[in-house]
1. From the residues 439, 462, 449, which one has its Cα farthest along the dipole of the stretch 423-468 in the positive direction, the dipole being from +1 and -1 charges on Cβ of Lys/Arg and Asp/Glu about the Cα centre?
2. In nm², what is the average projected area of the convex hull enclosing the Cα atoms of the stretch 257-404?
3. For every other residue with a beta carbon closer than 10 angstrom to the beta carbon of residue 222, add +1 if it is Lys or Arg and -1 if Asp or Glu, then tell me the sum.
4. Net charge around residue 270, counting only other residues with Cβ within less than 14 Å of its Cβ (Lys, Arg = +1; Asp, Glu = -1)?
5. Based on Cα positions only, what radius of gyration and what Dmax would you give for the stretch 156-314, in angstroms?
6. So, how do all the Cα-to-Cα distances of the stretch 77-132 break down into 10 Å bins, in percent, from 0 on up?
7. Give me the Debye-computed log₁₀ of I(q)/I(0) at q = 0.24, 0.27 Å⁻¹ for the stretch 281-348, equal point scatterers on Cα only, no solvent, two decimals.
8. Tell me, what is the FRET efficiency for residue 66 and residue 317 to the nearest 0.05, using R0 = 35 angstrom and their Cβ-Cβ distance as r?
Amino acid sequence: MAKYVMALDSGTTSNRCILFNQKGEICSCAQKEFTQFFPEPGWVEHDASEIWQTQLSVAREAMNKIDAKFEDIASIGITNQRETVIVWDRKTGQPITHAIVWQCRRTADFAEKMKAERPGIVEEFQCKTGLKFDPYFSGTKIRWILDNVDGARQRAENGELCFGTVDSWLIYKLTKGKVHVTDYSNASRTLLFNINTLEWDKELCEILDIPMSMLPEVKPSSCIYGETDSEFFGGPIRIAGAAGDQQAALFGQTCFNKGDAKNTYGTGCFMLMNTGDKPVYSKNDLLTTIAWGIDGKVTYALEGSVYVAGAAIQWLRDELRAIDSAPDSEYFATRVKDTNGCYVVPAFTGLGAPYWDPYARGAIVGLTRGVNKYHIIRATVESLAFQTADVLAAMELDTGNKLTSLRVDGGASKNNFLLQFQSDIIDTDVVRPSCVETTAMGAAYLAGLAVGYWKNKEDVINNWSVDKEFKSSMDKEKREKELAGWKQAVASTRGWAKN
Ligand code: G3P
């Protein structure tokens, strides 16, 4: 019997491969960062060929580290940065331009113009897709490529081009162009997929003027999509799972019941709550999305998306050069007793939930002569918790329930200072599992369940265990004061880049 399931975790800044065994333990891991392109303020691009090459190389590296052969791997699960748009030539498999990344705000003016010209467009898109009519999602980005890359529209209309999110792109490359698919969770982030009928929506494609021939076939998140070409790993491996990274993390955290929620601190920060087999529409500016499709059923989730979380810590490291490595942020944050009244709002690419302001830009406010580097580092770390608090408040309003505990994961969840402050500021228990690689784990579970490596969800639930639980210890008055300061800080960033 095969020993491992392979998870390919293609994130916003790096690609990883993790091999899991049946107990859900990490047996091998390899990771590589790839280039971020910022051609204009607010624009973010990736080279899709580099994504493919680094993903393939880390997969081989992880296998080599433990001398795993293709026959040792039961199946591959893919999880990915969502919404990012790749358009490639159907015959050659060559991308026609750089990938436009989910963080990119180049279509903000276009989205505004569409809203002004077509009253009702916001409601129309929301009720069919569960999303905001916002430049975050793939739809306006695909349109930008068709309008701005030489010859793209004509080629798309001739059926020569494929669109895909990163999952779709990697499956296409791994199968050497044989399979052009995506899963429900990724499709539900495009602005083109009807989450009620589970089909691409002809009318929405027409509004955005996107030929439907470019779109991948949409399948469940746990099923056999195809197998890898033998060239890559010495023999074929089944590709049997795919899900957007946030939905995969919800699965990896075993949030299988209605009301279960998790928060992932990755590049951004994303809170998702399982809402069961019916979409729940938010009245408080959250998104409705597909969590996964498995065993012939679709599960939905409410989502609060925060664009910049771990990326703010990277900013401290790479741009401000205030820390040498991300974990240093915890050490420095605890060198001071508070932020000395300063707040950092990392609205570098606008604000997501619950503000939805593509024109907001980052700010450090409340500066006085005594504010030093440690205060700014601490305020940056705290900003992850404040943004989460904003999203949680909206989620509790939507569901009418107070969350009793929040499961967390992602790189920054290793930061104990952050998680204690998180618990304090939301006045809710915060629970970190033993394995915080839940995104990769979710993809592995989806792929393993499809091929019988794990028999059922109970097998998976048994693998989940707690590492540490954080309990709120802040008094109410202090919490309210902190939150009021944060609100004021956020207000100062709104609409900044409008003109
Ligand atoms: O929606 C964007 C999200 O999928 C990116 O996730 O892990 O790169 O922060 P991450």
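No lab work stands behind these numbers, since they all come straight from the coordinates. Values in this document were obtained by computation on a predicted structure and should not be read as measured data. Every residue, glycine among them, receives a Cβ derived from its backbone with ideal geometry; neighbour counts consider all protein chains shown.
1. After comparing all options, I get 449.
2. Taking the Cα atoms of the stretch 257-404, their convex hull projects to 10.3 nm² on average.
3. Spelling it out: positives minus negatives among the neighbours equals -1.
4. Charge balance in the 14 Å sphere: -1.
5. 16.5, 51
6. The distribution over the stretch 77-132 is 18, 34, 34, 13, 0, given as percents.
7. -1.06, -1.21
8. 0.70
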